[in-house]
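Report on the following structure.
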Amino acid sequence: MDALHLLARRARAVLRPLVSRRGVEADLDEEMRFHLDAEVAERVRRGMTPDAARTSALRDFGGVSRFKEECRDAWGTRMMDELSRDARYGLRALLRAPAFTAVAVLTIALGVGAATTIYSVVQSVLRPLPFHDPTSLVAVVTTYRGKDDATSALDFVDWRRESKTLAGMAAIATDAMTLTGSGEPERLYAATVSASLLSMLGVRPIAGRVFRTGEDSVGAARVVILGEAVWRRRFSSDPGVVGRSVNLGGEPYTIIGVVPTRLTYPAAAEIYVPLVFPTADLDEGNRGARYYDVVARVAPGAMIEQARAEMRTITQRLASAHPRSDEGVSVRVAPLLDETVGAFRRPLLILLGAAGVLLLIACANVANLLLVRAAGRDGELAVRTALGAGRARLVRQLATEALVPFLVGGALGTAAATVGTRWFATAASDTVPRLADAGVDSTALLFALVATLTTGVVFGVVPALRFARLGVSGTLRGAGRSSQGSIGRRRARTAIVGSEVALAVMLLVVAGLVVRSFQHLMAVDPGFRREGVVTFRLDLPSTRYGDAAKLRAFTAQLDDRVRALPGVTASGRILRAPLSEYNFNVGFSVDRWQEETGTRRPAVQVRIASPGYFEAMRIRLVRGRTFTAHDDANAPQVVVINQAMARTHFAGENPLGRRVWLGWEDDGVRRGGEIVGVVDDVRQFGLDRPSAPEMYLPYDQTPVGPMTVVARTTASPDVVFTAARAAVRELDPDLPLFELSTLQERFEKSAARPRLYMTLLATFAGVAVLLAAIGLYGVVSYSVRQQTREIGIRLALGATRSNVAGTVVGQSLTVTAVGAALGIAGALAVSHLLQALLFGVSATDAWTYSAVVGLIALVGVVASWVPARRATVIDPAMALRND
Amino acid sequence: MATDNTDVLQGTLDMLILKALSLEPMHGWGISQRIQQISRDVLQINQGSLYPALHRLERRAWIEADWGTSENNRRAKYYQLTSLGKKQLAEERASWQRFTLAVERVLQTT
């Protein structure tokens with residue numbers, strides 16, 4: 001207590017004069033006045049007249065301003081005065097050297113801006129989830145032979161019943177529902193969730209309430225919770241919307257609440273409806289039908305390890321009780337945050353590392369620049385010392401001067417970080433989660449500012465200290481010649497520039513590998529020609545298109561309309577378009593259906609295509625034929641398979657004429673049929689994912705509600721989309737078109753994430769190389785200036801101009817070579833961390849490493865070219881006389 | 001810059017101020033009066049050194065200042081000793097005694 005009090009007192013005594021200068025001046029005046037009056041009163045008491053007393057007291061008191069000045073000294077305000085004078089002086093000195101100032105300020109701004117931006121983004125993505133007690137939230141994930149899979153309804157029901165360590169366990173399926181009624185029909189992304197989900201997460205609604213227990217049981221009233229965005233867009237933020245009824249997929253639902261966007265889980269959900277398991281899902285034969293995600297909260301008092309052990313035990317029991325569906329099935333319990341952002345952690349940390357390296361290079365560059373400047377100022381400092389400036393005073397002045405570019409650069413860097421973070425959040429909102437409300441992280445900003453500032457002060461002051469140690473006379477006498485001090489300084493600068501080169505090389509290698517990966521990615525043949533193809537999706541609701549005949553009737557009309565759209569040369573339909581990451585995996589048997597296989601049956605990705613699809617997409621036919629209009633409901637069932645399936649399941653055989661049967665029955669008809677064709681592989685799950693075995697069924701033999709229309713057209717996409725909307729409205733006014741895009745856009749979107757990483761890393765590497773080049777240039781040109789005399793002598797003794805230039809460039813290349821060697825070693829040491837970002841390139845790709853070495857050697861030559869030229873034009877006579 | 005000579009004197013003044021304040025909190029004028037009285041007018045404290053010294057001591061947290069009301073009802077700045085100041089006074093006193101004792105010894109030997 002006493003110590004605290006003392007500290008506060010002391011702080012006040014020290015700080016008050018600095019903060020409130022006028023206040024303490026007034027206090028001082030009043031104190032003086034009081035003293036004088038007391039003195040006068042005392043003298044009057046001793047018998048003087050008031051006037052005489054005042055005159056004599058004033059005389060004895062002496063010069064007030066002098067000791068006021070001494071009091072000010074005691075406060076330390078003189079230091080402030082000098083500081084501001086130094087800052088002004090520093091600013092003037094900087095304006096006299098605009099190139100130095102510009103480079104220093106920009107370097108600091110770049111370093112601070114880049115590092116802070118990336119850190120802020122990483123912070124935003126990896127920050128805790130916005131829910132109640134977020135660390136106890138977990139994802140419960142079914143695994144099959146070590147690979148993640150979704151969870152079946154029956155497994156979920158058993159888990160929920162038996163688990164003691166997990167509370168509020170909720171299943172989530174994603175669905176799309178069409179909102180009709182007021183205005184255009186709109187397709188909404190609906191999360192169908194267990195009633196416990198939102199209350200378990202602790203979501204507080206904006207209006208109304210969240211689901212109650214039992215609202216997800218069979219026969220419960222149809223209720224819906226709106227997401228904030230839909231509420232604002234479609235219901236103009238009306239809080240009175242709670243209790244109203246809306247039409248979703250042709251059924252009336254009562255709105256019971258509105259939840260804020262910030263608290264949306266899963267992130268894409270636009271509305272929530274309770275998940276009522278279809279009776280089929282709860283049939284023991286469908287324990288293997290897995291399409292639910294499961295989240296839960298670790299119960300109070302339990303640990304995640306206990307939950308893990310318990311869930312494993314439960315799942316093991318299920319696996320042995322139901323070997324047909326659950327053999328090889330296990331479970332994984334992971335923190336929900338890891339599950340949400342896990343895939344982004346590594347790439348983001350790599351970006352953060354790169355930004356950190358950039359900050360380091362920026363600091364090195366500024367240090368280097370300050371050393372160059374200090375070298376040029378020995379003379380000035382010596383003169384000032386000779387004229388009586390104190391050493392402490394000079395050191396302080398140099399530090400203040402070093403500070404000025406940091407204040408300007410820091411301010412610019414802060415602005416850059418603000419803009420950069422916003423830019424990143426916008427540019428990457430589709431590719432990286434949790435960026436919506438990303439803002440500059442103040443801790444990161446502070447760190448970056450302090451890091452650069454420390455560099456500035458250290459490298460601004462150290463030369464001054466060294467100078468002070470060296471003394472005045474030595475410097476004055478040795479002015480312009482390489483003295484002891486400047487040799488040490490040159491060594492320091494060479495070391496700094498060498499490290500800059502090393503760090504830049506590391507960044508270059510990383511960027512080079514990522515760029516090469518991206519090239520490989522872009523060179524991947526997706527299996528279709530993407531130019532000039534538009535796509536949009538439709539989903540015929542089962543309420544109005546309940547049977548196959550209705551579906552076929554609609555699609556026949558639709559095909560005619562699509563063919564008539566502007567510029568369309570070919571068109572077709574597919575469930576679903578490539579690169580959709582659509583998973584429709586079904587087990588199959590070859591030749592005849594075997595009910596019991598003893599082991600899990602092989603599975604294949606199933607797609608449902610109309611006859612025109614393959615031609616519209618220009619998917620290459622390898623053998624046999626694709627579908628025709630004759631493959632209809634009355635014709636024998638046929639299928640087309642892809643090359644991957646032919647390779648995997650018919651290796652060395654002719655698959656044509658063989659029959660495959662799927663674990664999928666409709667109205668007593670087993671789906672599958674005779675293989676009539678083999679087509680080329682198409683990338684379904686992303687350009688970097690190899691094609692899985694795949695089987696196409698003809699639409700008319702297996703009609704389904706959801707479909708993607710693809711049309712190859714010569715007209716502009718917008719024209720086609722407008723016409724398509726009108727055409728579909730004529731067929732069915734309540735049917736929304738959604739996901740209207742071109743294949744090119746889909747293609748680019750699937751590469752958006754690697755493109756983003758590549759862009760950033762390449763930018764960082766580019767800036768790093770630029771900074772290293774500036775550093776090299778500084779070191780070489782300075783050493784040329786220092787060696788003017790030596791070069792002059794060499795020229796006088798008959799060295800050729802090219803000898804001299806060679807020496808200078810050689811110096812630069814030596815530094816570059818050492819730096820590059822260190823950088824390559826460093827890159828090799830960290831390259832294994834990069835694996836997550838690489839595609840088709842090894843982390844030790846020789847081509848990349850050689851290219852980087854070549855590039856940095858080029859930089860070494862270019863950076864020393866100008867100083868080398870300068871060295872060759874030195875006039876020996878002048879050089880020697882000047883000294 | 002201060003010379004060594006004034007440092008000694010300054011140190012002595014600091015000690016006298018601390019000693020004066022160890023009796024009771026006082027304003028600047030009171031301090032000068034008190035030292036003058038006790039030393040029977042031998043030690044005259046010049047205001048020009050008194051106030052800088054007071055502000056210096058305050059900065060070192062040996063004394064602290066508060067505005068109060070004087071005997072004749074005027075606003076006056078009162079200084080008082082802090083616990084740190086008490087410790088400082090004790091130290092200065094001890095070293096002063098060592099010093100005078102040493103000087104005394106030197107003077108007595110002839």
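Return the residues of the stretch B:84-100 that are surrounded by 12 or more Cβ atoms within 10 Å (Cβ to Cβ) and either over 14 Å from B:MET15 (Cα atoms) or at the interface with chain A (Cβ under 10 Å from one of its Cβ atoms) (or both); say none if nothing qualifies.
B:LEU84
So, in the stretch A:527-584, how many residues would count as being in contact (Cβ under 8 Å) with a residue 12 or more places away in the chain, closer than 15 Å to A:MET707 by Cα and among the small types (Gly, Ala, Ser)?
Result for the stretch A:527-584: 6.
Could you please find all residues in the stretch A:232-259 being surrounded by fewer than 16 Cβ atoms within 10 Å (Cβ to Cβ) and not polar (S, T, N, Q)?
If the condition is that a residue be surrounded by fewer than 16 Cβ atoms within 10 Å (Cβ to Cβ) and not polar (S, T, N, Q), then A:ARG232, A:ARG233, A:ASP238, A:PRO239, A:GLY240, A:GLY243, A:ARG244, A:GLY250, A:GLU251, A:PRO252 are the ones that fit.
Kindly check whether there is at least one residue in the stretch A:196-206 that is of a type in the set (Ser, Thr, Tyr) and either assigned to a strand (DSSP E or B) or free of Cβ contacts under 8 Å to residues at least 24 places away in the same chain (or both).
Within the stretch A:196-206, none of the residues are of a type in the set (Ser, Thr, Tyr) and either assigned to a strand (DSSP E or B) or free of Cβ contacts under 8 Å to residues at least 24 places away in the same chain (or both).
Give the residues of the stretch A:575-596 that are among the β-branched types (Val, Ile, Thr) and within 40 Å of the chain's Cα centre (by Cα), sorted by residue number.
The initial filter retains those residues of the stretch A:575-596 that are among the β-branched types (Val, Ile, Thr), namely A:586, A:590.
A:VAL586 - this is the single residue of the stretch A:575-596 that is among the β-branched types (Val, Ile, Thr) and within 40 Å of the chain's Cα centre (by Cα).
Which pairs do you get when a residue that is without any contact (Cβ under 8 Å) to a residue 40 or more places away in the chain, found in the stretch A:421-447, comes within reach of a residue that is outside any helix (DSSP H, G or I), reach meaning Cβ atoms under 7 angstrom, with the pair 6+ apart or on two chains?
Cβ pairs passing all conditions: A:SER429/A:LEU435; A:SER429/A:ALA436.
Within the stretch A:92-141, track down each residue that is within 30 Å of A:MET311 (Cβ to Cβ) and assigned to a helix (DSSP H, G or I).
Quick first cut of the stretch A:92-141, residues within 30 Å of A:MET311 (Cβ to Cβ) only: A:125-141.
Of everything in the stretch A:92-141, those that are within 30 Å of A:MET311 (Cβ to Cβ) and assigned to a helix (DSSP H, G or I) turn out to be A:VAL125, A:LEU126, A:PRO134, A:THR135, A:SER136.
Only one of these is among the charged types (D, E, K, R) and surrounded by 21 or more Cβ atoms within 10 Å (Cβ to Cβ): A:GLU284, A:GLU270. Name it.
Going through A:GLU284, A:GLU270 in turn, the sole match is A:GLU270.
If the Cβ limit is 9 Å and pairs must be 6+ apart or interchain, which residue in the stretch A:817-828 that is farther than 15 Å from A:THR844 by Cα pairs with which residue that is surrounded by fewer than 19 Cβ atoms within 10 Å (Cβ to Cβ) and among the hydrophobic types (A, V, I, L, M, F, W, C)?
A:ALA817/A:ALA857; A:ALA820/A:ALA857
Out of B:ILE45, B:ILE17, I need the residue that is under 18 Å from B:LEU84 (Cα atoms), within 14 Å of another protein chain (Cβ to nearest Cβ) and at pLDDT 75 or above. Which one?
B:ILE17
Can you find a residue that is facing chain A (nearest Cβ under 8 Å) and more than 21 Å from A:ASP37 (Cα to Cα) anywhere in the stretch B:75-83?
yes
Of everything in the stretch A:764-773, what is surrounded by fewer than 19 Cβ atoms within 10 Å (Cβ to Cβ) and either small (Gly, Ala, Ser) or in contact (Cβ under 8 Å) with a residue 40 or more places away in the chain (or both)? Give them in sequence order.
A:GLY766
Would you point out which residue out of A:VAL804, A:VAL841 is outside any helix (DSSP H, G or I) and buried (at least 20 other Cβ atoms within 10 Å of the Cβ)?
The match here is A:VAL841.
Determine whether the stretch A:841-854 contains at least one residue that is touching a residue at least 40 places away in the same chain (Cβ under 8 Å), in contact with a His (Cβ under 7 Å, 6 or more places away or on another chain) and over 28 Å from A:ALA362 (Cα atoms).
There is at least one residue in the stretch A:841-854 that is touching a residue at least 40 places away in the same chain (Cβ under 8 Å), in contact with a His (Cβ under 7 Å, 6 or more places away or on another chain) and over 28 Å from A:ALA362 (Cα atoms).
Conditions: (1) of a type outside the set (A, V, I, L, M, F, W, C); (2) more than 37 Å from the chain's Cα centre (by Cα); (3) surrounded by fewer than 19 Cβ atoms within 10 Å (Cβ to Cβ); (4) within 23 Å of A:GLY673 (Cβ to Cβ). A:GLY572 meets all but one. Number of the miss?
With respect to (1) of a type outside the set (A, V, I, L, M, F, W, C); (2) more than 37 Å from the chain's Cα centre (by Cα); (3) surrounded by fewer than 19 Cβ atoms within 10 Å (Cβ to Cβ); (4) within 23 Å of A:GLY673 (Cβ to Cβ), A:GLY572 is out only on (3).
Residue under question is A:ALA727, and the condition is that it be more than 30 Å from A:GLN637 (Cα to Cα) and modelled with pLDDT under 90; does it hold?
No.
Determine, yes or no, whether B:GLN37 is loosely packed, with under 12 Cβ neighbours inside 10 Å, within 12 Å of another protein chain (Cβ to nearest Cβ) and without any contact (Cβ under 8 Å) to a residue 12 or more places away in the chain.
Taking the combined requirement at face value, the residue satisfies it.
Could you tell me which of the residues A:GLU790, A:GLU739 is surrounded by fewer than 20 Cβ atoms within 10 Å (Cβ to Cβ) and not in a helix (DSSP H, G or I)? Steps first, answer last, please.
Values: A:GLU790 fails: not in a helix (DSSP H, G or I).
When all the criteria are applied, what remains is A:GLU739.
Scan the stretch A:701-736 residue by residue and report those that are of a type in the set (S, T, N, Q), free of Cβ contacts under 8 Å to residues at least 12 places away in the same chain and not in a loop (DSSP other than H, G, I, E, B). Please lay out each step first, then the result.
Residues of the stretch A:701-736 that are of a type in the set (S, T, N, Q), as a first pass: A:701-702, A:708, A:713-714, A:716, A:722.
Of the ones still in play, those that are also free of Cβ contacts under 8 Å to residues at least 12 places away in the same chain are A:716, A:722.
Hit for the stretch A:701-736 is A:THR722, nothing else.
Which condition number in (1) assigned to a helix (DSSP H, G or I); (2) free of Cβ contacts under 8 Å to residues at least 12 places away in the same chain; (3) over 30 Å from A:ARG563 (Cβ atoms); (4) not hydrophobic (A, V, I, L, M, F, W, C) is the one that A:GLU745 fails?
Failed condition: (3).
Out of A:THR313, A:THR421, A:THR340, A:THR385, which single residue is over 30 Å from A:VAL830 (Cα atoms) and surrounded by 17 or more Cβ atoms within 10 Å (Cβ to Cβ)?
One residue alone meets the criteria, A:THR385.
The values are calculated or read from the model by the stated rules, or taken from the named source; none is laboratory data. Fair warning: this is a prediction, and the values are worked out from it, not measured in the lab. Quick reminder, even Gly has a Cβ in these numbers, built from the backbone with ideal geometry, and neighbours come from all protein chains shown.
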